[in-house]
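Let me begin by presenting the structure, written as C-alpha cells, before commenting on it.
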Amino acid sequence: MYLGKVDVNTYEKGVGREFLVSNGRGSYGFSTVAGANTRREHGLLVVRPQDCAQHRVLVSKLEETLFTRGKKYQISTNRYRDVIYPDGFRYIQEFHSNPLPSILFVLHSLLMRKTVFMPEGKEACIVKYELLASPERVQLETRPLFAHRLYTDVCPKASHDAFKADSAQNGVLVNGRGMSSFLSFPKGEWHPKALWHEHVLYENDEVTGQSTEDLWSPGTLSIEMEEGETAYVVLSTEPFHPSVEQIEEFEKAAIASQQSRFGKIEPAGQSSAVRDLTRTALHLFASGNDRGSVLFSGYPSLSEKARDTFIALPGLTLSMGRYRDAAEILERWLNMAKLNDAVMPSEIDPSTGHALLKAADAGLWFLYALDKLTEKTGSLEFAENNWEILVELTSRYESGIRALDLYCEDDLLVLGTSDPERHWMEGTANGDPVVNRQGKLVEFNALWYNALRAMERFAEGLGLSEESENYAKKADRVRDAFVKTFWNAEGGYLYDSVSGDRKDSVIRPNQILAVSLPSSPLPPEIGRSVVEICWNELVTTYGLRTLDPHHDKYKGRFEGRQDQKAKARYRGMAWPWLLGQFVTAYMRYNPKRSDIAWCFIRPFTAHLRQGCLGGIAEVFDGSMPYLPHGDVLSAASMGEILRVMEEDLLLQQR
C-alpha cells in the first residue's frame, strides 16, 4: 500500500486514511496518515489489559517539531473546533504500509521518515525517526500527549485530575487517572514543562458525531540529529528501557512475524487486493494464555461477537491456510457453550469477560463455520473430539432454548419475542426495535437446515450411520416446511418472517442465506428467483441493502439524529458481508460467470485505499455517495470478501 502526495495533500484526504499496528495480543496503535486523531479510539498506545477490562488509551499521540536553519517546522496535525493547527500534513510526501507504516516528511532538502510499530507480545509502541537527508544538523522536538482513559470515553480536564511525571535516566513515568505509562528514549534530552492540550476535536466520533478532549503532556524530548541518524521514542505500560540494538531486533521481529503469518496465504491469494486485506486482517487476531485465540469483530469496537466470528472465520483463517487458528477459535467458543448448558453465547462482556446469551442464531453459525473447517481440511478430528457437545448443541434448537425465547414448531424454529438482540438486525431507536421481527425468521431456518445437513455429514464421516440417517430425515422435513412457509410465489422471493397468519413480505436481504449457505433448502427455480430479486432490489456498490429502496421506511444514509442513524443501519444501509453471501448464491447458478461476480468485488480494491488502509468497513450508505460507517475494519466484511475470492472466484482460475 503506497500513498503519494496527491493522496494526502489536503487535511480531509490525510485524516480520511487511517493506519493500524498491533502487538498480537489485542493492544494497538491507531491514527490517521495526517497525524490528527479523529476518533476517541485513536491513540499510539492503546492497551488490552489481561484482566478482561476494556481497552485503555494511554498515549494519544506525539507532537513533533523540527528546527533547522533557524526555522521551526511543526510536522504534527491537530483539529480543534475552529482551526486546524498545526498543519504538518502539508509536509507529507508519501505513506507506505509495508513492511511497517511509515510517513515521509519533506521540507525543502530535508527528508525525515517516521515509522510506527509494536513489538510482538509487548505492551509497547515504538516510533522511529530517520533523518534521510539534511544539509545540516537538525533538532527534533517531540511532546507526548497522554489520555489515560477507557477507549470508550473522552475526558475533558477536571479539577480532580492529578497527572504526575517522574523523570529517570532516559525515561519518564507518568501517573494519572488511576493509570500509568512510560516513555523512554535511547538518546535525547528531556525538558519537563507540563501543560494541557485543550479541546482537541474528534470529528469522526461514531458515538456522538463529534467530541472534544483535553490531553496532558509532562514536557518535551529534544534530540539532535544529522543526516543518516535514527532516533527512537518508546511508549509502554511500565518502565521499559530497550537499547538501540534491542529496538532494531524488535523491528526485525515485527517485520518477520508479519511476513511469516502472511506467508501462510495460499498461492492463489497473492493478488494485490488479497495481500492488502490479509495483511490488515492480522490485526483482528489476538492471543494470550489467559483467553486463547481471539478474533475481534472489528476496529475500533474491538468486541468479541460469536456471529461475526463465525461469519468471518472461513475468510480470515481458512482462506489464509490458518487451520490451527480456526480450530482454536472454535474450540474456545464451544467450551463456553459447554458452560452454558450447550447454548452458544453470543458475545463477551468486555468489562467482565463473561459470556452473554443474546443472539439465538449463534450456535447455527458455529456449525456453519465448523462445516467450512471440516470441508477445507478434510478432517473430522474436531467433530470426533467434540461429538457429544455438538449433538447436544444441535438438539437444544430442536427442544427449544427458553433463555433465548426460541422453540421449534412444525420442524421450523420460532422466535417467540420481538427483542432485536435475538437476531442480527439488532438495532433500536428510542427503545423500539428498528426492524420488528418475530416468529419464523427466514435466515434462522435456512441456518437450521444447513446445520442439520452439516451434522448429517459429520455423522456419516464418523461412521455413525443411524445418527446420519436421523439428521437427514429431520433436514428433509425442514426443507419441505421451509419452502411451504417462506416461498412468496406471487412476489418471486421469500417472506422475511412468518408469525401465524402474518407474513412479512418486505424485501430484505436475509433470504439470500437460503441460497448461499452450503446446504440450501430451495429448489433451483426458487433459488434463481431469490438471487434475481436481491440483485435487482438490494445490491449496491459495497453490499446488500437491508431494505427495499422502494419501501416507505427506507433510509439509506447514515445521517441526521442518532435515532435516525440507528434506523438507517437496518432500513437501507448496505452490509458487505451480505454481498459475499450474494456472490456465492449467484455463482451457485452461474458457475461460468466469474467475470460478472468480479464486478461485485472489484469496487473494494478502491475502498482499500480509504478509511483504515487495507481494510473494509462494517457498513456503507445504501444510497449515493455510499460512504462507509461503523467499524472501519470489520471482520465480517473482510472475511466474507476474502472467502468469496478464494472459494468462488480464485478457484475458477486454478
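Any residue at all in the stretch 135-148 that is touching a residue at least 40 places away in the same chain (Cβ under 8 Å), assigned by TED's automatic domain parsing to the domain that holds Thr65, part of a strand (DSSP E or B) and in contact with a Cys (Cβ under 9 Å, 6 or more places away or on another chain)?
yes
Okay, residues lined up against (1) assigned to a loop (DSSP other than H, G, I, E, B); (2) without any contact (Cβ under 8 Å) to a residue 12 or more places away in the chain; (3) over 16 Å from the mean Cα position of the chain (by Cα):
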| position | (1), (2), (3) |
| --- | --- |
| Gly14 | no, no, yes |
| Gly24 | yes, no, no |
| Gly29 | no, no, no |
| Asn37 | yes, no, yes |
| Arg40 | yes, no, yes |
| Gln50 | yes, no, yes |
| Gln54 | yes, no, yes |
| Lys61 | no, no, yes |
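If you check every pair at least six apart or on different chains, which have Cβ atoms under 7 Å apart with a residue in the stretch 387-404 that is at positive phi first and a residue that is hydroxyl-bearing (Ser, Thr, Tyr) second?
Hits for this filter: Gly400/Tyr407.
Do you know which of the residues in the stretch 387-396 that are more than 29 Å from the chain's Cα centre (by Cα) and not acidic (Asp, Glu) is surrounded by the most Cβ atoms within 10 Å (Cβ to Cβ)?
Arg396
Among residues belonging to the stretch 579-626 that are of a type in the set (Lys, Arg) and touching a helix residue (DSSP H, G or I) at 6+ places or on another chain (Cβ under 8 Å), point out the one that is surrounded by the fewest Cβ atoms within 10 Å (Cβ to Cβ).
Only one residue fits best here, namely Arg593.
On the basis of being more than 25 Å from Trp487 (Cβ to Cβ) and not in a loop (DSSP other than H, G, I, E, B), does Ala514 make the cut?
no
Suppose we filter Ala162, Ala158 for residues that are in the same structural domain as His42 (by TED's automatic domain parsing), surrounded by fewer than 17 Cβ atoms within 10 Å (Cβ to Cβ), in contact (Cβ under 8 Å) with a residue 12 or more places away in the chain and not acidic (Asp, Glu); which single one remains?
Checking each option against the conditions leaves just Ala162.
Let's see how each residue does on (1) within 12 Å of Leu107 (Cα to Cα); (2) out of contact with any Gly (no Cβ under 9 Å at 6 or more places or on another chain); (3) surrounded by fewer than 17 Cβ atoms within 10 Å (Cβ to Cβ):
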site	(1), (2), (3)
His55	no, no, no
Leu66	yes, yes, no
Lys71	yes, yes, yes
Arg79	no, yes, no
Tyr85	no, yes, yes
Tyr91	yes, yes, no
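Every residue, every condition in (1) charged (D, E, K, R); (2) crowded, with 17+ Cβ neighbours inside 10 Å; (3) modelled with pLDDT under 95, yes or no:
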site	(1), (2), (3)
Ala355	no, yes, yes
Leu370	no, yes, no
Phe382	no, yes, no
Leu406	no, yes, no
His423	no, yes, no
Thr428	no, no, yes
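Tell me which of these Gln259 doesn't satisfy, since it passes every other one: (1) surrounded by 14 or more Cβ atoms within 10 Å (Cβ to Cβ); (2) of a type outside the set (Lys, Arg); (3) at pLDDT below 95; (4) part of a helix (DSSP H, G or I).
(1)
Can you tell me which residue is surrounded by the fewest Cβ atoms within 10 Å (Cβ to Cβ) among those in the stretch 479-505 that are touching a Leu at 6+ places or on another chain (Cβ under 6 Å) and of a type in the set (A, V, I, L, M, F, W, C)?
This residue is Ala481.
Looking only at strands (runs of 3 or more DSSP E) that fall completely inside the stretch 395-511, which ones have 1 or more residues that are of a type in the set (S, T, N, Q) and closer than 21 Å to Gly527 by Cα?
Where strands (runs of 3 or more DSSP E) fall fully within the stretch 395-511 and carry at least 1 residues being of a type in the set (S, T, N, Q) and closer than 21 Å to Gly527 by Cα, they are 497-499.
The values are calculated or read from the model by the stated rules, or taken from the named source; none is laboratory data. Please read these numbers as outputs of a predicted model, since none were measured by experiment. Cβ atoms come from the backbone with ideal geometry, glycine included; neighbour counts cover every protein chain shown.
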